[in-house]
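Colleague: Below are the structure tokens for one structure; questions will follow.
The values are calculated or read from the model by the stated rules, or taken from the named source; none is laboratory data. Values in this document were obtained by computation on a predicted structure and should not be read as measured data. So basically every Cβ, Gly included, is an ideal-geometry build from the backbone, and we count neighbours across all protein chains shown.
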Amino acid sequence: MGEATEFISKPSRPGATRATFLQLMQSSALIAPQWFIDACENAPASEVSEPRLLVDMARHHGFHNARILTEEAIYFLDEVPHYGPPRGPEPNEVIVSLHVSDAERVEKASPVDDYVSVQPSTRDVQFTTISEDESTVWSTGAYDLWEGLVADIAVLTRPEFRLKGFGSFITGVAAEEALSDGLVPQLRVGMGNSAAMSLAESLGFELAGSVTSVFLGEPTTTQA
């Protein structure tokens, strides 16, 4: 993955409270309030991409409550993923449901902190592993459609069924369905989440970029 030396900027809507820096292949973009864009005008992309520098920039301009929201690696897939059935139940006992209600069942059986950042039931398309008799749900993979091109996939597995292949399986299902619909499957993985990165790479996803978001909040002093 190459590193861009310059970036394009796009002012966010009035009143926005975050700044986001996106690096994708050879391109970079900053989406932020206009004052923040102006402050970064002469900085190279290599500096603006550093989360701590984004926070320091905001605090220098009076936003002392600024903090890092997310640091994520972006993975893309351009071929059919390689995945097998989850371990445990017989393969014919696992079926895939397209019902939102089954994705909600996985959410309700998972810790709040796990599903709040993923929210599969609110996405455009859901795939959920359930038992043949519908008594058990294991994992759910869902995606939002971005600009009619990208399927932004998120995955949630119930804690007691993790490390058994349910997450990998349902991610593969979602990615394969996205590809069949002419979409580019995308996974966003938290920096340092080695398990999620390994899952992405095992399915054939390739690292394509990163995205960093910083919460700005309200200024606590007059902007410089």
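Colleague: Quick check: is even one residue across the stretch 86-93 surrounded by 13 or more Cβ atoms within 10 Å (Cβ to Cβ) and basic (Lys, Arg)? Break it down into steps so the answer makes sense when it comes.
Modeller: Kept after step one, since they are surrounded by 13 or more Cβ atoms within 10 Å (Cβ to Cβ), are these residues of the stretch 86-93: 86, 89, 93.
Still in the running and basic (Lys, Arg): none.
No, the stretch 86-93 has no match at all.
Colleague: Within the set of pairs 6 or more residues apart or between chains, which connect a residue that is in the same structural domain as Glu160 (by TED's automatic domain parsing) and free of Cβ contacts under 8 Å to residues at least 12 places away in the same chain inside the stretch 82-94 to a residue that is surrounded by 11 or more Cβ atoms within 10 Å (Cβ to Cβ) and not in a helix (DSSP H, G or I) with Cβ atoms less than 9 Å apart?
Modeller: Pro91/Pro85
Colleague: Just checking: which of the strands (runs of 3 or more DSSP E) contained wholly in the stretch 110-157 hold 1 or more residues that are closer than 22 Å to Ser210 by Cβ?
Modeller: Values: elements: 125-131, 137-146, 150-157.
Strands (runs of 3 or more DSSP E) meeting the threshold: 137-146, 150-157.
Colleague: Out of the residues in the stretch 158-183 that are in a helix (DSSP H, G or I) and among the charged types (D, E, K, R), which is nearest to Val125 (Cα to Cα)? Lay out the reasoning, then the answer.
Modeller: Our first condition is that a residue be in a helix (DSSP H, G or I); within the stretch 158-183, this holds for 159-161, 166-180.
So of that shortlist, the ones also among the charged types (D, E, K, R) come out as 160, 176-177.
Numbers: Glu160: 24, Glu176: 13, Glu177: 10 Å.
Only one residue tops the list, namely Glu177.
Colleague: Next question, about the same structure. Suppose we keep only residues that are of a type in the set (Val, Ile, Thr) and over 13 Å from the mean Cα position of the chain (by Cα) within the stretch 172-208. Which one would you say is nearest to Glu107 (Cα to Cα)?
Modeller: By that ranking, first place goes to Val173.
Colleague: Next question, about the same structure. Considering only residues that are touching a residue at least 12 places away in the same chain (Cβ under 8 Å) and either crowded, with 17+ Cβ neighbours inside 10 Å or in a helix (DSSP H, G or I) (or both), which ones fall in the stretch 184-200?
Modeller: Pro185, Gln186, Leu187, Arg188, Val189, Met197, Leu199, Ala200
Colleague: Looking at Arg59, Arg67, which is the one that is charged (D, E, K, R) and in contact (Cβ under 8 Å) with a residue 24 or more places away in the chain?
Modeller: On the way: Arg59 fails: in contact (Cβ under 8 Å) with a residue 24 or more places away in the chain.
Result of the check over Arg59, Arg67: Arg67.
Colleague: Can we say Ala39 is farther than 30 Å from Trp138 by Cβ and free of Cβ contacts under 8 Å to residues at least 24 places away in the same chain?
Modeller: In short, yes.
Colleague: Across the stretch 102-116, which residue is modelled with the lowest pLDDT among those that are acidic (Asp, Glu) and over 13 Å from Val155 (Cα atoms)?
Modeller: Looking at the filtered set, the residue picked out is Asp113.
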